[in-house]
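See structure below.
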Amino acid sequence: MARHKKSAQYNVCVEPIYRSSSYFFESAPAADSVPGDKIGRYGRYGNPTWVQVEKRIAELDKTDDALLFASGMNAITTALLAFAKPQDTIIFTGNCYKHTRSFIAEFLNSYGVHSKSVNYNQEEDFSNSIVNTIIEATKIVFLEIPSNPHLYLVDIKKISNHLPPNCLLIVDSTLASPVNLSPINFGADLVIHSCTKYLGGHGDLLAGSISGSTQLIDIIRNYRNMMGGIVDPQCAFLLGRSLDSLQLRMRYLNDAGITIANFLEQKSNINTVFYTGLKSHPHYHLATQYLTGHGAVITFEIEGDQQTAAQFIDELEIPFMGSNFGTSATMIEQCSVFTYYHLDRRQRYEQGISDSLVRMSLGYEDTELLVDDLSQALDKVV
């Protein structure tokens, strides 16, 4: 991504923060014009600080336009509300983020929108399972790629080629980032990111984005105007700051990720490592087609029970225990008790969440120090 020439009018290198909640006009607008256009007639409709960042995210996602939202979840719900109508059918990857799943299967269902979930699995024909679920009434296919926490993949192009007329393909690509995956190149209509993660990169903001064609983005813009899920100017400014270093940060995390994944795979008391850069990952063949890098999230299963995994995490000195990813600090969680605590054991196992499954998200610490830390912790739970 080329570096933008910022605020040429004022000859500054760092875009200022525009805090205005209202805008004035030099003269009465023409009757057939839209006052303020995308910058807005009122602060809920647009802000110059947002617009600069939205342009940059659209460029990263290789789309015509993009919108910022208060969070990734706000971006998802607004997009689905903009296009899902009663009696429509939404097909979605069932192992997606739990609140995405609940919004589609419970909230939208209560308003007459039908849904069908297809759970990720380790088989090569998983994409065929989605294709075989598509019916003529399908209006949206929603994919989370890679999935959380197993980093499962799906053949985006194959699914795109089997969509009925007027069906949208929406891809939540948060776990890849625009650096590692460009869903638009393979037939996606809309791309969603939780900018809180890799795009923000520092653990100090909450935001989401949607990228797509001007036609689709303008429809979603109207819903954002009504629903008000906007970011504040300071948040947009911080996100713009973070985009300056996105390529550099992802290059480091991609390198660190494969180093740590290879290390873990060689340890005798690690049963399985889920990382798309490893040939052992069940969807490695899709990773070679779609991904240019594999990111900071590594999920692995320790040999032992829930207590073994808890002991391992307690022995670590560098990572913070927490459920976020894509931040400057390494984060680690025991999946069964951090994120999937609301499910019973049978339900967790149905989603591939064993008692000893651990998800780690690398930060910007020295890789060798993290390897040493992981090694000493694993040695204590042999």
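The values are calculated or read from the model by the stated rules, or taken from the named source; none is laboratory data. The shown structure was predicted, so the numbers you read here are calculated from the model rather than taken from an experiment. Positions of Cβ are backbone-derived with ideal geometry, glycine not excepted, and every protein chain shown enters the neighbour counts. In case anyone asks, the SASA skips ligands and DNA or RNA and just uses the protein heavy atoms, side chains included. Shrake-Rupley method; radii C 1.70, N 1.55, O 1.52, S 1.80 Å.
The DSSP beta bridges internal to region 124-218 are antiparallel in roughly 40% of cases. Seen from all directions on average, region 94-253 presents a Cα convex hull projection of 10.3 nm².
Rg then Dmax, both in Å and based on the Cα atoms of region 242-382: 14.8, 44.
Report, please, the projected area of region 168-277 averaged over directions, based on the convex hull of its C-alpha atoms, in nm².
Working: hull surface 35.6 nm².
The number I arrive at for region 168-277 is 8.9 nm².
Straight-line cross-link partners of residue 62 among the aspartates and glutamates, defined as a Cα under 13 Å from its Cα and at least 8 positions apart when in the same chain: 54, 189. Each listed q (0.15, 0.19, 0.22 Å⁻¹) maps to a log10 I(q)/I(0) for region 77-124 from the Debye sum over equal C-alpha point scatterers, namely -0.37, -0.57, -0.72. Rolling a 1.4 Å probe across all protein chains gives residue 117 an accessible area of roughly 70 Å². Where both bridge residues fall in the chain, DSSP classifies roughly 55% of the beta bridges as antiparallel. Heavy-atom accessible area, probed at 1.4 angstrom with all protein chains present, ranks 73, 250 as 73, 250, highest first.
Across bins of 5 angstrom width beginning at 0, how are the C-alpha pair distances of region 39-122 distributed, in whole percent? Going out from 0 Å in 5 Å bins, region 39-122 shows 3, 12, 18, 19, 15, 15, 13, 5, 1, 0, 0 percent.
How large is the helix-only mean residue ellipticity at 222 nm for the chain, computed as the sum of -39500 (n - 2.57) over DSSP H runs with n ≥ 4, divided by its residue count, in deg cm²/dmol to the nearest 500?
Details: 14 runs with 133 residues, N = 382.
Per the formula, -10000 deg cm²/dmol.
Which whole-number percentage describes the relative contact order of region 241-382, with Cα contacts under 8 Å and a sequence gap of 6 or more?
Working: 214 pairs, mean separation 37.0, N = 142.
Rounded, it is 26 percent for region 241-382.
Could you give the length gained by full extension between residue 318 and residue 305, i.e. 0.36 nm per residue of separation minus their alpha carbon distance, to one decimal place?
Values: separation 13, 0.36 × 13 = 4.68 nm, distance 2.27 nm.
Separation in residues times 0.36 nm, less the Cα-Cα distance, equals 2.4 nm.
Counting lysine pairs in region 68-184 that sit 8 or more residues apart in sequence, or on different chains, and whose Cα atoms lie under 21 Å apart gives 8. Rounded to whole Å, the principal axis extents of the Cα atoms in region 216-311 read 54, 33, 26, largest first. Computed over the chain, relative contact order equals 15 percent, with contacts defined as Cα pairs under 8 Å that lie 6+ residues apart.
In µm²/s, what is D for region 202-264 at 4 °C and 1.567 mPa s, where D = kT/(6 pi eta Rh) by Stokes-Einstein and Rh is the Kirkwood radius from Cα pairs? Walk me through the intermediate numbers first.
Values: Rh = 14.6 Å.
After rounding, the answer is 89 µm²/s.
Ignoring GluC sites (Glu not before Pro) that are buried or in helix or strand per DSSP, and keeping those with at most 14 other beta carbon atoms within 10 Å, what is the longest stretch of the chain between them? Please list the in-between numbers first.
Values: sites that count: 26, 123, 124, 136, 317.
That would be 137-316.
Taking Cα pairs under 8 Å and at least six residues apart, what relative contact order does region 54-129 come out at, in percent? Show your work: numbers first, answer last.
Values: 70 pairs, mean separation 19.5, N = 76.
Reported as a whole number, the value is 26 percent.
Considering the chain at the alpha-carbon level, its Rg and Dmax are found to be 21.5, 76 Å.
If eta is 1.567 mPa s and T is 4 °C, what Stokes-Einstein diffusion coefficient results for region 35-177, Kirkwood Rh from Cα pairs, in µm²/s? Before the final figure, lay out the partial values.
Values: Rh = 16.4 Å.
In µm²/s, the coefficient is 79.
In a reduced charge model with +1 at each Lys and Arg Cβ and -1 at each Asp and Glu Cβ, the chain shows a dipole moment near 1180 debye about its Cα centre.
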